[in-house]
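**Student:** What follows is a single structure, and I will ask about it in a moment.
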Amino acid sequence: MATKKYRPGRRLVVFFAGVAVLFGLVALAGTWKPILGLDLQGGTRITLIATGSPDAESLEQARQIIDQRVNGSGIADADVTTQGNRFIIVEIPGTTRRDLIEVVKRTAQLRFRLVANSGGNPVIADGRPAVSEPTPSPSGTPSPSPSGTPTPSPTDTATPNPRPAPVLADPTDTPTSTATSTPTPSPTPSEEATPSSVEDLLAWASNPDAESLAAFAAYTCPQSGEESAPVVDDPRKPLVTCDEDGLKFLLSEAVIEGTELEGASAGIPQGQAQWAVSLDLKGGATKAFADISRALFANNGQFAIVLDGQVISNAGFVGVITDGNAQITGGFNEESATDLATSLKFGALPIAFEDDTTTESIGPSLAGDQLSAGLWAGAFGLGLVMLYCLVYYRALGAVVLASLAVAAAVTYGMVLLLSETAGFTLTLPGIAGLIIGVGVTADSFVIFFERIRDEMREGKSMRVAVETGWARARKTRIAANVVSLLSAGVLYFFATGVVKGFGFALGLSTLIDLAVLFWFTKHAVSWLARFKFFNGGGAMSGLSRSTLGLDAELQGGKL
């Protein structure tokens, strides 16, 4: 069976097609300038003031959680520090959105509660039956709101809205209806017998006690922009609170605590078109959630998700959820879903902060001459590498220049793409990591070319020497790059701040070095070997007998 003919020219065409796709994606992203870090462009400083007098351990724990929230990927260059015994300083590159400030401050006390029912209808907005409909709020958080102003009557029932309503669903299944009896209302609970089991909470939700109903009737939601006292969210007591649209709710005790949340993530589920927040519950919460979903799915009840004492979603169930994995859908966009998932995923802050948050713009920490000096030093070093390669390898050095140019282009394209998609922030340590990658790339050429020259000294033609030299050189380069990747990985996963960004940049440049070496440099040298100038050892090819030292050896033998 004939082997497939190797065509290096075609491989190069495919490689450049891949580079074109990369820059096509950059063009679609619409940005041709990377995001710069605090040291290069400045940003925004947020000063948080803790309430009371927290101990040093709680303040440090809060700092770590906030650092995870704003810089969880390690490539955004956010700087989070403590100052004194009450202040946490957050410095974020660029102009900060208001919603990001809220993410920083949010204590993320998540609780799941049942929406109390009166006559089978959710008690919302002074007794009016709910019509769940996601209404965009200023921050993009989905909130149920009534459609129109229905007139309450004893026969009112919840009316489904044709637009998507927030619902809780099993992401892997769409169960059919299961016949389940509606919980029987229990007598009004007393303070000595506070309901705690799922059955008692379901019964209370069907028939709230008189004291809770009176508190609900007396409560008034604050108007937009109106100062109000913070909601006291005691998990062992019923709660009267509102959502961002000013609709008030009467809620049961907390059925599930946020501490029982294993993980949270935002994304567009497969086969769907809208953003959702996926929840993964653990421990006993899985069974409680299954019991609640079974009961509420049967009687069209609703489940409130309360964050920091405010209802963020008033969701119904579209099926019974038995494995603790659920999705919150309805009215989310990318920003609101991501912000919610980020706050939940990185846990609750052990301390609260005052409402008076100071936000100010800050300049770059490096002066312009320092940055210019660093860039000139990098350019000068790169120029020396290129000059040395041209002098030593002559025409073959053109492959080095082309490979460095291609590596630089791919690196810049990846930086732009990661800036847009992953929030990669380019700092001076990051630039240093990329420049080190240039040295790694140049080292790859030296090893490969020297292997070729060794093979040619043994009398092989360049075409043969390229293949045999490549087989030996690639093992060395893979081993060296694996060591470099391990170093970058250690810095990325175990370091913090700009050192983490340096590790990311070093790992990125090392991967690009491997890609350029395997998919460009090798094919380029194989393609050049087809020309007589190189294969025949032309005087300026860098592979002549004199360059390889063969003439000197011959003269030495004659002498």
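**Student:** Between LEU384 and MET540, how high is the FRET efficiency from 1/(1 + (r/R0)^6) when r is the Cβ-Cβ distance and R₀ = 22 Å? Nearest 0.05.
**Tutor:** So the FRET efficiency works out to roughly 0.55.
**Student:** Work out, step by step, the length gained on full extension between GLN223 and SER197: first 0.36 nm times the residue separation, then minus their alpha carbon distance; give nm to one decimal.
**Tutor:** Full extension from GLN223 to SER197 adds 5.8 nm.
**Student:** Looking at this model, which pairs from LYS475/LYS522; LYS5/LYS522; LYS4/LYS475; LYS282/LYS500; LYS5/LYS532 are more than 22 angstrom apart at the alpha-carbon?
**Tutor:** Beyond 22 Å: LYS4/LYS475; LYS282/LYS500.
**Student:** Tabulate in residue order the Karplus-calculated ³J(HN,Hα) for the stretch 40-45, using 6.51 cos²θ - 1.76 cosθ + 1.60 with θ = phi - 60°, rounded to whole Hz; enter x for Gly and Pro.
**Tutor:** The phi angles translate into 9, 10, x, x, 10, 10 Hz.
**Student:** Let me ask another. Using θ = phi - 60° and the Karplus curve 6.51 cos²θ - 1.76 cosθ + 1.60, what whole-Hz ³J(HN,Hα) does each residue of the stretch 433-438 get, with Gly and Pro shown as x?
**Tutor:** x, 5, 5, 4, x, 4
**Student:** So how much slack lies between VAL14 and VAL232, counting 0.36 nm per residue of separation and subtracting their Cα-Cα distance, in nm?
**Tutor:** Here the answer is 72.2 nm.
**Student:** Any idea how far the Cα center of the stretch 481-500 sits from the one of the stretch 381-449, in Å?
**Tutor:** If you average the Cα positions of each part, the centres end up 19 Å apart.
**Student:** Taking the Cα centre of the stretch 1-63 as origin, sum charge times position over the Cβ atoms of Lys and Arg (+1) and Asp and Glu (-1), and report the length of that vector in debye to the nearest 20.
**Tutor:** Taking the Cα centre of the stretch 1-63 as origin, the dipole is about 1060 debye.
**Student:** To the nearest 0.05, what FRET efficiency results for ASP280 and ILE362 with a Förster distance of 45 Å applied to their C-beta separation?
**Tutor:** E(calc), rounded to 0.05, equals 0.75.
**Student:** Also: Once label points are set 7 Å from the Cα along Cα→Cβ at both ALA409 and GLN61, what is their separation, rounded to one decimal in nm?
**Tutor:** 5.4 nm
**Student:** Over the stretch 226-343, what relative contact order in percent results from Cα pairs under 8 Å that are six or more residues apart?
**Tutor:** 28 percent
**Student:** Each residue of the stretch 519-524 in turn: what ³J(HN,Hα) in whole Hz from Karplus with 6.51, -1.76, 1.60 and θ = phi - 60°, glycine and Pro shown as x?
**Tutor:** Per-residue couplings from phi come out as 9, 10, 4, 4, 5, 5 Hz.
**Student:** Between ASN300 and ILE478, what is the label-to-label distance in nm when each label sits 7 Å out along the Cα-to-Cβ direction?
**Tutor:** It works out to 6.3 nm between the two label points.
Where a number appears in this text, it was derived from the coordinates with a stated rule and is not lab data. Worth saying up front: this structure is predicted, and the values here are computed from it rather than measured. We place every Cβ from the backbone using ideal geometry, glycine too, and count neighbours over all the protein chains shown.
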